[in-house]
Amino acid sequence: MNREEILSPAAPIRTTWLGRKLGGGLLKLLGWELVGSLPDEKKLIIIATPHTSNLDYIVAMAALQYMGVRVRYMMKSEMVSWPYAPLTWLFVWLGGVPVYRNQKTNIIEQMANWFDTNDNVWLGLAPEGTRSKVEKWKTGFLRIAQAANVPIFIAGLDGSKKQIILDKIVHPKGTIDEQAAELKNYVDAKFIGVNPEKQ
């Protein structure tokens, strides 16, 4: 699919000609394709799922480079202090948002405040929290979405078709645990991970 057909006016863009070429070339080399389009939302949480393989990260990063979209991620605050300090600029350039586990405000509040103080930001999360098989998803993505009042977008990594499917918007509603279970059931029924036995 053509990059222009995928992008939305609200997508936070960070792009270079070289990044687009490298990302598109890697997707082609690996045999993966993008299906669908991005939502027209200035603030968004993207869940990339099912997460069953190290390949998921490579494919997702290649897709982001090809699209030229900047999706941020949470990183431990320790990554901005010694011995990582010399690389802090790289982590932040790649999209890292430091979260501080020793502060009075918890991570949910910190990320809600981050959304409040930024105009056009997308945050990416893997709801499984691991590549191993899980019975239940972690619920942090829903808690952040609810606290920050931002929608969630599902990006399905379908290993059986080698497709990154830009699927649909959902809004936090009802109880957190029930919605997490509902979304996991939806994903399990619609997408097949790279390693299905870990889904």
Subject >> When residues of region 145-158 are limited to those that are touching a Leu at 6+ places or on another chain (Cβ under 8 Å) and part of a loop (DSSP other than H, G, I, E, B), the one farthest from Ser37 (Cα to Cα) >> reply: Val150
**OP:** Can you confirm whether region 132-149 contains a residue that is in contact with a Ser or Thr (Cβ under 7 Å, 6 or more places away or on another chain) and under 14 Å from Arg72 (Cα atoms)?
**Re:** no
Original post:
List pairs: first in region 170-190 and more than 19 Å from Glu41 (Cβ to Cβ), second β-branched (Val, Ile, Thr), Cβ under 6 Å, 6+ apart or cross-chain?
Top reply: Ile176/Thr139; Ala180/Thr139; Val187/Thr49
Original post:
Among (1) buried (at least 16 other Cβ atoms within 10 Å of the Cβ); (2) on the phi < 0 side of the Ramachandran plot; (3) modelled with pLDDT under 95; (4) not aliphatic (A, V, I, L, M), where does Lys133 come up short?
Top reply: (1)
Original post:
Any chance region 34-53 includes a residue that's within 22 Å of Ser132 (Cα to Cα), touching a residue at least 40 places away in the same chain (Cβ under 8 Å) and over 14 Å from the mean Cα position of the chain (by Cα)?
Top reply: yes
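When the residues of region 70-98 are filtered to those that are outside any helix (DSSP H, G or I) and farther than 27 Å from Ser8 by Cβ, which remaining residue is modelled with the highest pLDDT? Reasoning before the result, please.
Filtering region 70-98 down to residues outside any helix (DSSP H, G or I) leaves 70-76, 81-84, 94-98.
If we keep only those that are farther than 27 Å from Ser8 by Cβ too, we end up with 76, 81-84, 98.
On the way: Lys76: 73, Ser81: 67, Trp82: 64, Pro83: 69, Tyr84: 68, Pro98: 77.
Filtering region 70-98 for residues that are outside any helix (DSSP H, G or I) and farther than 27 Å from Ser8 by Cβ, the one modelled with the highest pLDDT comes out as Pro98.
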**OP:** Please tell me if Gly156 is under 30 Å from Val92 (Cα atoms) and at pLDDT below 95.
**Re:** no
Subject >> Check on Val150, without any contact (Cβ under 8 Å) to a residue 24 or more places away in the chain and within 15 Å of the chain's Cα centre (by Cα) >> reply: no
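Residue under question is Asp188, and the condition is that it be of a type outside the set (A, V, I, L, M), surrounded by fewer than 17 Cβ atoms within 10 Å (Cβ to Cβ) and at pLDDT 95 or above; does it hold? If you could, list the steps in order and put the result at the bottom.
On the way: of a type outside the set (A, V, I, L, M): yes; surrounded by fewer than 17 Cβ atoms within 10 Å (Cβ to Cβ): yes; at pLDDT 95 or above: yes.
Criteria met by Asp188.
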**OP:** Please state which of the following conditions Glu109 fails to meet, knowing it meets all the rest: (1) of a type in the set (Asp, Glu); (2) under 30 Å from Trp93 (Cβ atoms); (3) modelled with pLDDT under 95; (4) not in a helix (DSSP H, G or I).
**Re:** (4)
**OP:** State yes or no: is Leu142 assigned to a strand (DSSP E or B) and at pLDDT 95 or above?
**Re:** no
Original post:
Counting just the residues of region 35-67 that are part of a helix (DSSP H, G or I) and β-branched (Val, Ile, Thr), which one comes out surrounded by the fewest Cβ atoms within 10 Å (Cβ to Cβ)?
Top reply: Ile58
Original post:
Inside region 167-195, can you point out the residues that are assigned to a helix (DSSP H, G or I) and closer than 20 Å to Leu34 by Cα?
Top reply: Tyr186, Val187, Asp188, Ala189, Lys190
Original post:
Could you say whether any residue in region 10-26 is of a type in the set (A, V, I, L, M, F, W, C), at pLDDT 85 or above and part of a loop (DSSP other than H, G, I, E, B)?
Top reply: yes
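The values are calculated or read from the model by the stated rules, or taken from the named source; none is laboratory data. Being a predicted model, the structure only gives us computed values, none of them experimental. Neighbour counts are summed over all protein chains in view; Cβ atoms, including those assigned to glycine, are modelled from backbone coordinates with ideal geometry.
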